[in-house]
Amino acid sequence: MTNYQELMLSVCFGTTMGYLLAGLGMIIYEGICFIKKKVKAHKEKKTQQNADDNERTGDNQ
């Protein structure tokens, strides 16, 4: 293999690996954001439900 072919091979391999790692990083990032969003929504729903229960029973202080 000539030097030029080795250079092309390493550039293509590096580009492909970079693209793969960037895609994997984005999947992980989006997954974390999704989980945080779901946890926040669950906490807000639970807080709202507790407030509604307190209002219904007359325990609002």
*Accessible area of the chain divided out per residue, in Å², using a probe of 1.4 angstrom*: 99
*Remind me, what semi-axes does region 1-59 give for its equivalent ellipsoid, largest first in whole Å, using sqrt of 5 times each Cα gyration tensor eigenvalue?*
56, 4, 4
*So for the pair Y19, R56, with labels modelled 7 Å out along Cα→Cβ, what separation do we get in nm?*
5.5
*asked:* Give me the percent of accessible area attributable to carbon and sulfur for the chain, probe 1.4 angstrom.
replied: 63
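The values are calculated or read from the model by the stated rules, or taken from the named source; none is laboratory data. Fair warning: this is a prediction, and the values are worked out from it, not measured in the lab. FYI the Cβ positions are ideal-geometry reconstructions off the backbone, even for glycines, and counts take in every protein chain you see. What goes into the accessible areas is simple: the full protein's heavy atoms, side chains included, and nothing from ligands, DNA or RNA. Shrake-Rupley method; radii C 1.70, N 1.55, O 1.52, S 1.80 Å.
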